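To start, the structure under review is shown below, and the notes come after it.
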Amino acid sequence: MSARRIFAGPARFAAIAPWLWMALFFLVPFGFVLKISLSQTAVAQPPYLPVFDLTEGFAAIKAAFAALSLDNYRLLVSDNLYVLSYLRSMVVAAVSTTILLLIGYPVAYAMARLPLKWQGIAMMLVIVPFWTSFLIRIYAWINILQHDGLLNQILLALHIVSMPVVWLSTDSAMYIGIVYSYLPFMILPLYATLAKMDPALLEAAGDLGASPQQTFWLVTFPLSLPGVGAGALLCFIPILGEFVIPDLLAGSDSLMIGQTLWLEFFTNKDWPVAAAVAVVLLVLLVAPLALYDRLQRRQLEAAR
Amino acid sequence: MTDEPAKSEPPSEAVAEPGKAAPEAGAADIPLLRIDAVVKQFGGFRAVDRVSLDIGAGEFFALLGPSGCGKTTLLRMLAGFETPDEGRILLDGWDIAALLPHERPVNMMFQNYALFPHLSVRDNIAFGLKRAGMPASGIATRVAEMIALVKLEGLEQRKPDQLSGGQKQRVALARALARRPRILLLDEPLAALDKKLRESTQAELMALQRRLGTTFIVVTHDQDEAMTMADRIGVMDSGRLEQVAKPRELYEAPASRWIAGFVGDINLFEGQIEPRESSRLAMAPRLTITTRDAGTVYVAEPRHPVTRTNVSVAIRPEKIKLSRHGPVPNEENAQAINRLEGVVTDVGYLGGFTTYKVKLDSGAVLRSSMANTARIDVDAYSRSQRVVAWFTPDDCLVLEQ
């Protein structure tokens, strides 16, 4: 109720800004994409039909509406290529998120336990890679992973392998690239929840007879779950639509949905199918998000 | 787990420590808790400086001091959150200084309660019992018992967020008591409650302690709280234990000027003890002290011999009476031979009593507080009124430090 009072009077218009932003930069473009996904490809400029022309009168617009169809969506369901791409994206995103969690959690935990003056430095070290362009960093990985690259040289020097390992154009390379790129997005929300945890809670657990391991699993971990959720979503969603990393590091035998979309758009010049792929991807992303939001809301209400 | 002797030494060895006085030899003389010359440093800062203290079974002990005096650090060493740099902490004669918190038969109630926010009231209280490996039926019985003890019936399923401050405090208390600790440590247990609730909770804590017979050690900066609840009070300042005494003794016979000023209000006058003369008015042995601000003050001879000549005379405000023309000459007032004149500069009416500030002719300010015993008070004084302040030699304390 107090939140409502804050937005009384002229200040209330401030609350419109995010809605305006959403409408202008999400809903309107999404409307265009949705419309294109219902169109048919054509050798024209723009490369699809029908085109709405408001100057040609009501009858023409009505005809254009009638020309819209769900054919592209039928194609997505009927052709294995698309279903497999979606599945692969899901698997890659899920596996990557799991690996990120397994690496990110201990790192964030260690960071939160550093002396305060070191925490800032550790945070900087996590963020510093962002100062270099993402593409350059991925190209650097190509260098490291290639036949006579740094990784193989080290493995050979340590006599772990006797022959250079093929890294590039494999799923391993892709997972290395994804985990490397998204690690900060996993660490930062985890660190935020772990750092603000009241140390007295851990002392209380110890005081009540819990060993350090028990304290972790009974107190620290359950209380860090919001951070785990945030980090997982922050990684899972963009990885699901990832294009650059699989394109540069993975093999070409199986595609993620981002790559399929790119192919349809730029190679096949089939804008309507590409648009349909994008719309379905969005629906796939919104569903878990909405579910997560509902769960959180229910928890909040239960707590009240 | 709690009575595992692996890391501590058996009592006989602790007693056989060389250089220890003989009275420790008998097992019956071992106090429940002995803090022996404990030192804790943080960097170059001595948070706790050679503190030695015995606390008996069933005692309600308060560690009192201003913030930063080391009382919380001492408590945390008892709980096991800090390890002493020097000295020993003996529980029943066993050195527990090196034991981890979860290995000690000691529980703590935290200042902000530190309730687990993701667990219900019941699970918070059961937490320690589960860790002790108690069977489920035993846990259920004990939890129900604790909930009844702190009167939280009906709130078992609530989460800490859904409780009021007073309810949280009770859950914290129940959780800390559930394991039946030998010693319950309470870190500022009432600091987060409002004044009314604090007073009723004080009484409940005292009743609970008497009923359970558990040793309570409470850390507080609030002298009223310590005086009300504790059997004995240890006053700490700058890491040192300055005095350990019963509340009354602490108030009426503080060991130093600092304690006199910290515990309650006090009037202090610096002065010099005059050489003894053949007792002129001699009714009781008394010292004559010449002070700069209050002239000559007659003081009852302290029980312990005074070794210095430069001392302070300390008088509690409620021992100083005011009247317009001095005490009525009757038998009761025959002892009131200390008289000072001045002008009332400040009157503070506090309901039960009124405090006065009297500017003496020497310029010093004297504080007096008088109980408002009559509803229509004929003895009320107003500002800029000239009064005589008087008190007996027995009302005065001689402080050397």
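The values are calculated or read from the model by the stated rules, or taken from the named source; none is laboratory data. For clarity, every value in this text was computed on a predicted model and none was experimentally measured. Ideal geometry is used to build each Cβ from the backbone, glycine not excepted, and the neighbour counts take in all protein chains shown.
Does residue B:134 meet the test of being more than 32 Å from the chain's Cα centre (by Cα) and closer than 30 Å to residue B:34 by Cα?
Yes: the conditions hold for residue B:134.
For segment A:215-246, what are the residues that are more than 14 Å from chain B (Cβ to nearest Cβ) and among the β-branched types (Val, Ile, Thr)?
Hits for segment A:215-246 are A:237, A:239, A:244, A:245.
May I ask you to verify whether residue A:259 is modelled with pLDDT of 90 or more, more than 30 Å from residue A:168 (Cα to Cα) and touching a helix residue (DSSP H, G or I) at 6+ places or on another chain (Cβ under 9 Å)?
On the way: modelled with pLDDT of 90 or more: yes; more than 30 Å from residue A:168 (Cα to Cα): no; touching a helix residue (DSSP H, G or I) at 6+ places or on another chain (Cβ under 9 Å): yes.
Considered against the rule, which asks whether it is modelled with pLDDT of 90 or more, more than 30 Å from residue A:168 (Cα to Cα) and touching a helix residue (DSSP H, G or I) at 6+ places or on another chain (Cβ under 9 Å), residue A:259 comes out as no.
Anything in segment B:100-124 that is more than 8 Å from every other protein chain (Cβ to nearest Cβ), touching a residue at least 40 places away in the same chain (Cβ under 8 Å), out of contact with any strand residue (DSSP E or B) (no Cβ under 8 Å at 6 or more places or on another chain) and more than 22 Å from residue B:191 (Cβ to Cβ)? List them, or say none.
Matches in segment B:100-124: B:103, B:119.
On the basis of being within 13 Å of another protein chain (Cβ to nearest Cβ) and either surrounded by fewer than 22 Cβ atoms within 10 Å (Cβ to Cβ) or closer than 15 Å to residue B:231 by Cα (or both), does residue B:211 make the cut? Write out each step before concluding.
Working: within 13 Å of another protein chain (Cβ to nearest Cβ): no; either surrounded by fewer than 22 Cβ atoms within 10 Å (Cβ to Cβ) or closer than 15 Å to residue B:231 by Cα (or both): yes.
So residue B:211 does not fit the description; no.
Please go through segment A:130-171 and pick out each residue that is of a type in the set (D, E, K, R) and loosely packed, with under 11 Cβ neighbours inside 10 Å. Show your work before the answer.
Taking segment A:130-171 as the starting set, the residues that turn out to be of a type in the set (D, E, K, R) are A:137, A:148, A:171.
Selection gives A:148 alone.
Please go through segment B:378-401 and pick out each residue that is within 21 Å of residue B:342 (Cα to Cα) and either among the small types (Gly, Ala, Ser) or assigned to a loop (DSSP other than H, G, I, E, B) (or both).
Filtering segment B:378-401 down to residues within 21 Å of residue B:342 (Cα to Cα) leaves B:378-393, B:395-396.
Those that are within 21 Å of residue B:342 (Cα to Cα) and either among the small types (Gly, Ala, Ser) or assigned to a loop (DSSP other than H, G, I, E, B) (or both): B:378, B:379, B:380, B:381, B:382, B:383, B:384, B:385, B:389, B:392.
When you scan segment B:109-158, how many residues do you find that are among the aliphatic types (A, V, I, L, M) and surrounded by fewer than 16 Cβ atoms within 10 Å (Cβ to Cβ)?
We begin by selecting, within segment B:109-158, every residue among the aliphatic types (A, V, I, L, M); these are B:109, B:114-115, B:119, B:121, B:125-126, B:129, B:132, B:134, B:136, B:139-140, B:143-144, B:146-150, B:152, B:155.
Those left that are additionally surrounded by fewer than 16 Cβ atoms within 10 Å (Cβ to Cβ): B:136, B:140, B:144, B:148.
Residues flagged as among the aliphatic types (A, V, I, L, M) and surrounded by fewer than 16 Cβ atoms within 10 Å (Cβ to Cβ) within segment B:109-158 amount to 4.
Looking at segment B:225-247, which of its residues are within 8 Å of the chain's Cα centre (by Cα) and acidic (Asp, Glu)?
Correct list: B:225 only.
Need the failing condition index for residue A:267 against (1) farther than 19 Å from residue A:96 by Cβ; (2) buried (at least 22 other Cβ atoms within 10 Å of the Cβ); (3) more than 14 Å from every other protein chain (Cβ to nearest Cβ), just the number.
(2)
So in segment B:71-99, with the set limited to residues that are farther than 19 Å from residue B:32 by Cα and touching a helix residue (DSSP H, G or I) at 6+ places or on another chain (Cβ under 9 Å), which one is nearest to the other protein chains (Cβ to nearest Cβ)?
In this case the residue turns out to be B:81.
Against the definition (away from chain A (no Cβ under 13 Å) and within 17 Å of residue B:182 (Cβ to Cβ)), how does residue B:147 come out, yes or no?
On the way: away from chain A (no Cβ under 13 Å): yes; within 17 Å of residue B:182 (Cβ to Cβ): no.
Against the criterion (away from chain A (no Cβ under 13 Å) and within 17 Å of residue B:182 (Cβ to Cβ)), residue B:147 does not qualify.
Just to be sure I understand, how many residues within segment B:300-329 are in a loop (DSSP other than H, G, I, E, B), of a type outside the set (A, V, I, L, M) and on the phi < 0 side of the Ramachandran plot?
Total satisfying the criteria: 13.
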